[in-house]
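Heads up: the structure comes next, in structure tokens.
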Amino acid sequence: MKTALSFEWIERHYNSIKSSAILMIILSIPAVYGLVYLTGGANAYSHSMYAPILFAGFVFGIKGGVIVGVIAGVTLGPFMPIDTVTMEPQQAVNWIYRSGFFVIIGFLSGAASDSTRRYMKHVKWLTQHDAVSGLSNRSALIDSLKTLKHGRHTKGAGTLAVISIENVLELETAFGPDVTGEAVMQLATGIGGLLGDKAEVYRISTYHIAVLFFVKEQGIESLHTLLEEEFRRPVSFKGIPLHADIRVGYADVSKPRQEPGQYLREAETALRAASERTHPWVVFGPELDSTSARENLELLGELMEAVNRKQLALHYQPKVSLSSGAVLGVEALMRWTHPKLGNVPPGKFIPRAEQSTLIDMLTEWAIDTALAQLVEWKKSGIVLSVAVNISTRNLLQPDFAVKVLKLLDRHKVKGASLELEVTEWALMKDLRYASANMAQLTNAGIFFSIDDFGTGYASLQYLKDFPASSIKIDQVFIRRICERKRPELIVASSVDLAHGLEMEAVAEGVEDIASYKLLCGLGCDIAQGYFISRPAPAPEFAEWYKKSGGMFKA
Ligand code: C2E
Ligand code: CA
Ligand code: CA
């Protein structure tokens, strides 16, 4: 900020300005005397005293202005004759009047300077502090980190922590926006109280605190242990103790870095990792380095080309009826053969593609390719339906249904031969478009299934709200179904639930005969998994299908 800069300039040169003010004041009195004696008269030159008085007021404030005003009044008063030849003294009223004026001018210039200085100080304070909490802000932290870089920090900082209150939105929704400020203040005060001058606390954004620790010898782990109690302490808001979910990212600041912002970026990267994981705190390490951001971008750039370069393919995994063994359909799973990286699993590139509009292109490509495959298989007597995985984001595109219907039309495939598997139902925030798309698609006979049922984003609520025709019970329950009682009970209940809602229950990740048999016994409708077949390229799948005659025998 320009004001702060000019203030800084004045601050930096304050001692020189002060010295020149004193010098000017000292020199100006004999100078005025000299002029009076040289020219033989007093009145004309006494006005030159205004300059040092104004200057003194500017530099030393009210006190300085008034003192120099008085000195000037006295020295240019009774001791100075009106005529230096006759040495006739001035009239008292003359110099008293002039002295009064000097004092008033000194006072006014001092007052103006004092208030300007106060204002500038406030402006500077604002650039370095959070106006609401009074804590030092991000820019102050960067300044502190700069001094670390230059090795000027006397205290020798060891660690930087960026602390976030993760459940701030929930707290604000429940208790209003004031709760955030209160929580931040209590946390900052707690840490400050605990560590005293061994730490500096900053508020770097609405719900992020940064702490610069000056405890080098203590490892980050023991530092965190020390703070943990503070983190666990409830936030008291209007007398009610509230739980704050604290996450911390740590960075080592004892090693020199290229630029001060890097320490902060490292701690913030670690914080992001802590937010994504179940572990509440993470120390920055090279594995978290921002190269992953670069890698992401590179990979996305290459993914854009992958379709044109025919590096993408769909592999097909059969879905089998548990009651009859009939192969009912296939799930299409995307594979990417990267020229350098080899086989990139979908778990690596789909979530990244979902962060960009690339996912729309990929889904369109997948549906197009899967439908073309159905047509080709049909020609050779293999009549199946295909399930394609789609992203929630696809359903939020206003024209998604239209595009899918166009593809069905182009391949002359009936809607009933296509199934769309959706995982993250909970992310369907804008229900307007999602519902419109789903209505259009289900009207065309397309089926929906709730993928990964029982985990994270797919919950009971979506069974109630969305027109799905099957639920796919997540692999984690199926894989342990024979080992423990609980997964079996969960699967059994999920099957009942599906049937109660007139849906089909699909078990995915069936890896052995025991699980297959158990699922049969539980009344599960469809099975899918390595035990039946691994996902395979289209020709391989066709071979498998033909060999089995479309019937799987366990
Ligand atoms: P998903 O939809 O749950 O797919 C099932 C995953 O489990 C597939 O992994 C499949 O290869 C694997 N699998 C199948 N049977 C077994 C088994 O018996 N044991 C074990 N351990 N695994 C089994 P894959 O192909 O790596 O796909 C991972 C995820 O990537 C999929 O999970 C799906 O969410 C996503 N995905 C794959 N293809 C696409 C696509 O074309 N579009 C979108 N949006 N997502 C896709
Ligand atoms: Ca799936
Ligand atoms: Ca799944």
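Scanning the range 210-234 for residues that are in contact (Cβ under 8 Å) with a residue 60 or more places away in the chain and in a strand (DSSP E or B) yields a total of 2. Just so you know, in the range 80-123 the residues that are surrounded by 15 or more Cβ atoms within 10 Å (Cβ to Cβ) and in a loop (DSSP other than H, G, I, E, B) include one that is nearest to the chain's Cα centre (by Cα), and it is M80.
Among the residues of the range 432-456, those identified as within 26 Å of P487 (Cβ to Cβ), open to solvent by less than 20 Å² (accessible area, probe 1.4 Å) and not small (G, A, S) are F448, I450, D451, F453.
Evaluate the following for I71: is it among the hydrophobic types (A, V, I, L, M, F, W, C), in contact with a strand residue (DSSP E or B) (Cβ under 7 Å, 6 or more places away or on another chain), open to solvent by less than 90 Å² (accessible area, probe 1.4 Å) and on the phi < 0 side of the Ramachandran plot? The answer is no for I71. When each of G301, G329 is tested for being more than 26 Å from E182 (Cα to Cα), small (G, A, S) and assigned to a helix (DSSP H, G or I), the lone residue that passes is G301.
Here are some residues: A313, A326, A332. Which one is small (G, A, S), within 16 Å of ligand 2 (Cβ to nearest atom) and at pLDDT 95 or above?
Of the residues listed, the single one that is small (G, A, S), within 16 Å of ligand 2 (Cβ to nearest atom) and at pLDDT 95 or above is A332.
Does E259 satisfy the condition of being more than 16 Å from ligand 1 (Cβ to nearest atom) and not in a loop (DSSP other than H, G, I, E, B)? Spelling it out, it is not the case that E259 is more than 16 Å from ligand 1 (Cβ to nearest atom) and not in a loop (DSSP other than H, G, I, E, B). Tell me whether the range 430-446 contains one or more residues that are at pLDDT 90 or above, closer than 20 Å to G529 by Cβ and either more than 16 Å from ligand 3 (Cβ to nearest atom) or aliphatic (A, V, I, L, M) (or both). Within the range 430-446, none of the residues are at pLDDT 90 or above, closer than 20 Å to G529 by Cβ and either more than 16 Å from ligand 3 (Cβ to nearest atom) or aliphatic (A, V, I, L, M) (or both). For the range 179-199, the criterion of being at pLDDT 90 or above, in a strand (DSSP E or B) and surrounded by 17 or more Cβ atoms within 10 Å (Cβ to Cβ) is met by none of the residues. Which of the residues that make up the range 391-425 are among the aliphatic types (A, V, I, L, M) and either more than 16 Å from ligand 1 (Cβ to nearest atom) or over 14 Å from T442 (Cβ atoms) (or both)? Result: L396, A401, V402, L405, L407, L408, V413, A416. Residue-level check: of (1) open to solvent by 10 Å² or more (accessible area, probe 1.4 Å); (2) touching a Phe, Trp or Tyr at 6+ places or on another chain (Cβ under 8 Å); (3) at pLDDT 95 or above, K319 misses just (2).
Checking each residue in the range 479-489 for being over 12 Å from A507 (Cα atoms) and either loosely packed, with under 14 Cβ neighbours inside 10 Å or in contact with an Asp or Glu (Cβ under 6 Å, 6 or more places away or on another chain) (or both) picks out E483, R484, K485, R486, L489.
What do you reckon, is V476 open to solvent by less than 10 Å² (accessible area, probe 1.4 Å) and either within 28 Å of F541 (Cβ to Cβ) or out of contact with any Ser or Thr (no Cβ under 7 Å at 6 or more places or on another chain) (or both)? Show your work before the answer.
Values: open to solvent by less than 10 Å² (accessible area, probe 1.4 Å): no; either within 28 Å of F541 (Cβ to Cβ) or out of contact with any Ser or Thr (no Cβ under 7 Å at 6 or more places or on another chain) (or both): yes.
Judged against the criteria, V476 is not a match.
Screening the range 427-523 for helices (runs of 4 or more DSSP H) wholly inside it with 1 or more residues that are more than 16 Å from ligand 2 (Cβ to nearest atom), among the basic types (K, R) and closer than 30 Å to L408 by Cα returns the ranges 431-443, 460-465. Contact map, the range 239-261: residues that are over 22 Å from V184 (Cβ atoms) paired with residues that are open to solvent by 60 Å² or more (accessible area, probe 1.4 Å), Cβ distance under 8 Å, separation 6+ or inter-chain. Pairs shown: S254/K216; P256/K149; P256/G151; R257/K149; E259/K149; P260/K146; P260/K149.
Taking residues in the range 44-65 that are open to solvent by 70 Å² or more (accessible area, probe 1.4 Å), and partners anywhere that are not small (G, A, S), the pairs with Cβ atoms closer than 6 Å and at least 6 places apart or on different chains are Y45/V32; Y45/L35; Y45/V36.
The values are calculated or read from the model by the stated rules, or taken from the named source; none is laboratory data. As the structure is a computational prediction, the values presented were derived from the model and not from experiment. A quick note on method: Cβ atoms are made from the backbone with ideal geometry, for glycine too, and the neighbour counts reach across all protein chains shown. These accessible areas exclude ligands, DNA and RNA; they are computed on the full protein's heavy atoms, side chains included. Shrake-Rupley method; radii C 1.70, N 1.55, O 1.52, S 1.80 Å.
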